[in-house]
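This report concerns only the one structure given below.
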Amino acid sequence: ELKVEQNPLFLSMQEGKNYTIYCNYSTTSDRLYWYRQDPGKSLESLFVLLSNGAVKQEGRLMASLDTKARLSTLHITAAVHDLSATYFCAVDNRGAQKLVFGQGTRLTINP
Amino acid sequence: GAGVSQSPSNKVTEKGKDVELRCDPISGHTALYWYRQSLGQGLEFLIYFQGNSAPDKSGLPSDRFSAERTGGSVSTLTIQRTQQEDSAVYLCASSPVRGGLYEQFFGPGTRLTVL
């Protein structure tokens, strides 16, 4: 059974700092997704990572995928308050189409 | 263009009543998914449609839950004899299934409260 684990689950940080959210998964997959969720809102797609070594960047967020380690990271550079949200990683259970989600990381960025 | 839409946005019902939740996917998206998000369980897969057929119903928690999709478009999720543990946000997503990539686009969700 595919399991996806994120850490940390809660992260409070100051504006201007850097930090990384980690996403580990238990079985082979080469498709990993990062989503953002604001309170009371739905999920917004951030990144789709399709192959080993994939790296994608958008603004202050950068995501990477290491399929051999079964690990993805979401790196936040020089955090700003607007990035406060819950971030989910999800893995495409190969052949099954459904996404298996991590628990989510609630990120709070303090001015 | 229009995204995934869901209705109602909020539904409050009494225990034992039936409810229907509706999802309108993005036009042209052949795959449609239902998920449930609750505090205790996180985000859970319920059912997946490809066209009008449902190859994977493995996440439906009990036989009180059913779903259908018609015309390769609109889907309804029906919960019969609702229980308090059914309270959650029900999210629908659709995917164009391009080249084997199943990037999913989510709707705003229906918040179900069972009293």
Using unit Cβ charges (K, R positive; D, E negative) and no other charged atoms, how large, in debye to the nearest 20, is the dipole of the protein assembly as shown about its Cα centre? 80 debye
Name the lysines eligible as straight-distance cross-link partners of A:Lys17: C-alpha to C-alpha under 27 Å, and not fewer than 8 places from it in the same chain. A:Lys41, A:Lys56
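Counting only C-alpha contacts under 8 Å and six or more residues apart, can you give the relative contact order of chain B as a whole percent?
36 percent
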Over the whole of B:62-73, what's the average partner chain Cβ count within 10 Å per residue? Rounded to a whole number, please. 0
Within a Cβ distance under 11 Å of A:Ser26, other residues only, what is the Lys/Arg minus Asp/Glu net charge? 0
I'd like the carbon and sulfur percentage of the solvent accessible area for chain A, probe radius 1.4 Å, heavy atoms only, ligands and nucleic acids excluded. 48 percent
Given a 10 angstrom Cα cut-off, can you work out which residue in A:Asn18, A:Asn93, A:Asn52 is the most mobile in a GNM of chain A? A:Asn18
Label-point gap, in nm, between B:Ser38 and A:Glu44 - each point 7 angstrom along Cα→Cβ: 2.8 nm
Counting alpha carbon pairs within less than 8 Å and at least 6 residues apart, what relative contact order, in whole percent, applies to chain A? 36 percent
Taking loop as defined by DSSP and a crowding limit of 12 other beta carbons within 10 Å, which chymotrypsin sites (Phe, Trp or Tyr not before Pro) in the stretch A:12-111 fit? none
Area accessible to solvent at B:Cys92, 1.4 Å probe radius, in Å²: 0 Å²
If I histogram all Cα-Cα distances within chain A using bins 10 Å wide from 0, what percent of pairs lands in each bin? 16, 50, 29, 6, 0
Please compute the Kirkwood hydrodynamic radius of the protein assembly as shown from all pairs of different C-alpha atoms, in Å with one decimal. 18.1 Å
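The values are calculated or read from the model by the stated rules, or taken from the named source; none is laboratory data. All values derive from a computational prediction rather than experimental measurement. Quick reminder, even Gly has a Cβ in these numbers, built from the backbone with ideal geometry, and neighbours come from all protein chains shown. Only protein heavy atoms, including side chains, enter the accessible area calculation; ligands, DNA and RNA are left aside. Shrake-Rupley method; radii C 1.70, N 1.55, O 1.52, S 1.80 Å.
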